[in-house]
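The next block holds one structure in the form of structure tokens; read it before the comments.
The values are calculated or read from the model by the stated rules, or taken from the named source; none is laboratory data. Note that the structure is predicted; figures quoted are calculated from it, not measured. All Cβ positions, glycine included, derive from the backbone under ideal geometry; neighbour counts span all protein chains shown. Accessible surface areas use protein heavy atoms only, side chains included; no ligands, DNA or RNA. Shrake-Rupley method; radii C 1.70, N 1.55, O 1.52, S 1.80 Å.
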Amino acid sequence: MNGNTGQEDIYDALIIGSGPSGAVTAHTLALAGFRVLCLEQGDYTLPSDYAANFDMWELVARGHWQAEPNHRRNPADYPLEVSETDLAPSMYSAVGGSTIHFSALWSRLAPSDFRVRTLDGVADDWPLGYAQLSSFYDEIDDFIGVSGLEGDPAYPEGYSPKMPPMPLGKHGMKAAQAMNALGWHWWPHSNAIPSQKIGSLAACARWATCTQGCPEGAKASFDLAYWPAAIKAGAKLITGARVSKIMVDEKGAATGAAWIKEGTEYHTRARKVVVCANGIGTPRLLLLSASEKHPHGLANSSGLVGKNLMLHPNCAVFGYYDEELESWRGPAGSAVSSMQFFETDRSRGFVRGAKLHACPTPGLIMTGIDPHRLLTFDALWGQNFHKVVREARNSLMWAANIDDLPEESNCVTLDPYLTDADGVAAPKIRYRYSENTVKIREFTVARMVEIHKAGGAKKIIEIRDLQGEPGHLLGTARMGLDPNSSVVDEFGRAHDVPNLIISDGSIFVTGGSANPTSTITALALRNAKELSRNLKEGA
């Protein structure tokens, strides 16, 4: 067979999805000497094509670069049925996955996030804790060049990014001064953007277009941060490959995958199959892979595949100031973060909390037009538009991730009618804000208003639903020790199919309020090292 089809023989590991967890898995296994193939439904993106390279970059970013696949409709995308959701999920199909358009906020879960049942009597504890992930967090951070400052009191001792932190900038200083006035925790935010050149990544030049693509090649999107090293180590990557089903043998063990490229179906065999297709794509694929041995979907004897979807609903408050804040300077990203309100305080009327981060506001649409859309036409446009633009130059956005606790009613299923371009059933998303989530949001918006007032903002605009944000797709194939209440074990191995490993955000037990990619990659590295050990032992 053609050597580019992935059909020539049996691989040690077949990885589905080339996002951050797929990239880390491929690199780890290839370095250990195993034959690895990764199938990716998207293609490479070209930094020269990033929206940030164009004069009208904000408009370009709302075309084929935007976050929601239903609006973007690129050839590699699959549609989402979202008629029963409060928040339409975002994702990106390409080498590097959704890190192509993430802001590179690099936060760890806190120790309490792994013990929510024990501490707060809700959800479930993880089968591992912060201490078991700490060294894997460190290894990923060092490899990609995370920039930050050691000593954050919100985390245990030992969290020490090797790269110097980014400059706070005038907007960061304003945010910090407001927090000092209130006596609230803040710390320079860690960013997956090196402040000095490392590996295949350039040093940050503060373009502030992180979400719309870094023309400098500094942001650690995983097409740049990990895939060059993985391919150099021997990993093989096939793009434009849409996986339609994971294949199993007569005993129900995974044997590989069926996939489609340019209308032709291929089959690839492997000793181990690792699914890294995100918290929506992974349950979709497991449900598509139902068979006689797995009638309700692959690895789904618990009935939990696709359930407990968590999306980290975001809210934000814009403040407009008299001082010059240079809000077009990056990274964007965040200058300052706060864990003041992430732990449970039952006097607030809810459990868990939120992580706050202060961000610059590059671009006229983001800071000038979008927050003002509730104004009348004449109040925003015409002569008044110049006033809005002048104010927008000196703005600061406080935003927050809400700790979105798992609920089985929030779920991913297969839609009976909607399909992708190859006729494969598309996922249907059911997601509603819980009462607890809404209470966290309202409390958090009020606190961010308070911060802006402490900083002296002359105008404040509240945004309760940041649509198209944040692309944190978690919880739909949760890990645990009991096969009746979880899908995979503490190393991502499916209880029902031990040679099937899941290594993306779907294995989260709870979501925390931290941006999840740091934890996703730490888990993937831990899973991959255990998988490497098993392969060496012939398990």
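Quick notes on this one:
- Within segment 364-379, considering residues that are assigned to a helix (DSSP H, G or I) and hydrophobic (A, V, I, L, M, F, W, C), the one most open to solvent (accessible area, probe 1.4 Å): Phe377
- Test result for Ile100, farther than 21 Å from Lys355 by Cα, surrounded by 22 or more Cβ atoms within 10 Å (Cβ to Cβ) and touching a Gly at 6+ places or on another chain (Cβ under 8 Å): yes
- The set of residues in segment 7-30 that are in contact (Cβ under 8 Å) with a residue 24 or more places away in the chain and either part of a loop (DSSP other than H, G, I, E, B) or among the polar types (S, T, N, Q) (or both) comprises Gln7, Asp9, Gly17, Ser18, Gly19, Ser21, Thr25, Thr28.
- Answer residue from segment 259-297, given it is farther than 29 Å from Glu537 by Cβ and aliphatic (A, V, I, L, M) and is least open to solvent (accessible area, probe 1.4 Å) among those: Ile280
- Look at (1) at positive phi; (2) at pLDDT below 85 and you find that Gly33 fails only one, number (2).
To keep it simple, each residue is scored yes or no on (1) open to solvent by 20 Å² or more (accessible area, probe 1.4 Å); (2) touching a residue at least 60 places away in the same chain (Cβ under 8 Å); (3) assigned to a strand (DSSP E or B).
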site	(1), (2), (3)
Ser347	yes, no, no
Leu356	no, yes, yes
His386	yes, no, no
Ala400	no, yes, yes
Glu408	yes, yes, no
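- Residue check, Leu309 modelled with pLDDT of 95 or more, touching a Cys at 6+ places or on another chain (Cβ under 8 Å), open to solvent by 10 Å² or more (accessible area, probe 1.4 Å) and hydrophobic (A, V, I, L, M, F, W, C): no
Each row is one residue, and each column tells you yes or no for (1) loosely packed, with under 15 Cβ neighbours inside 10 Å; (2) assigned to a strand (DSSP E or B); (3) hydroxyl-bearing (Ser, Thr, Tyr).
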| site | (1), (2), (3) |
| --- | --- |
| Leu414 | no, yes, no |
| Ile429 | no, yes, no |
| Tyr433 | no, no, yes |
| Phe443 | no, no, no |
| Ala446 | yes, no, no |
| Ile461 | no, yes, no |
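- Residue within segment 518-526 that is open to solvent by less than 10 Å² (accessible area, probe 1.4 Å), at negative phi, in contact with a strand residue (DSSP E or B) (Cβ under 7 Å, 6 or more places away or on another chain) and not acidic (Asp, Glu) present: no
- Residue among Ala220, Ala208, Ala178 that is outside any strand (DSSP E or B), open to solvent by less than 20 Å² (accessible area, probe 1.4 Å) and at positive phi: Ala208
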